[in-house]
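Please read the structure below before turning to the comments.
Read-outs throughout are calculated quantities, based only on the coordinates presented, and are distinct from any laboratory measurement. What you see is a predicted model; the values in this text were computed from it and never measured. Note: ideal-geometry Cβ built from the backbone for every residue, glycine included; neighbour counts use all protein chains shown.
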Amino acid sequence: KNIIHMLSILYQVDKRDDQTWDCEAYSESRLLEHIKEVLQKFIRSEATDGHLIDPNIWRNASESGGKLAIYCTSFAAVVVKILSIMLSMSREKFSKHHREFFPVLCSLVLVQSDEIRCLVKEVLELQVAPELGVSI
């Protein structure tokens, strides 16, 4: 979670003329690699183990931390963070990666966590819909 958080900060820093180090170039591929890895593992784990978990665990996914040794619950907070990062991305930066994000967002629609599904809805409304020219 911390690596994703730090890389997202670097990725979203506005480039200045006096800046000698390109934060965006450094962090972009690393951030996307971590995002894809976490989301793919989360989706696989949730699909195989999600139905076995008490629905009350999902009520507050971002607080379920490492209480259970199942990937889908222990990484729910990281997924929440990733979706928050997607929401905070500029339209330009989100647009560069919308083809990679969209299939994952579609898969996240089916997860047990209400918190994650609500964030997916926000990403679809605020980031994806404008890409499609749809106003909601």
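Numbers below:
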item: Spin-label model distance (nm) - residue 106 vs residue 121, 7 Å beyond Cα toward Cβ; result: 2.1 nm
item: Relative packing of peptides 40-48, 22-30, 76-84 - highest average C-beta neighbours within 10 Å first; result: 76-84, 40-48, 22-30
item: In nm, spacing of pseudo-spin labels at residue 129 and residue 32 (7 Å Cα→C-beta vector); result: 2.6 nm
item: Cut-off 15 Å between beta-carbons: net charge of the residues surrounding residue 34, Lys and Arg +1, Asp and Glu -1; result: +1
item: Fully extended contour minus Cα-Cα distance, from residue 24 to residue 49, at 0.36 nm per residue; result: 5.4 nm
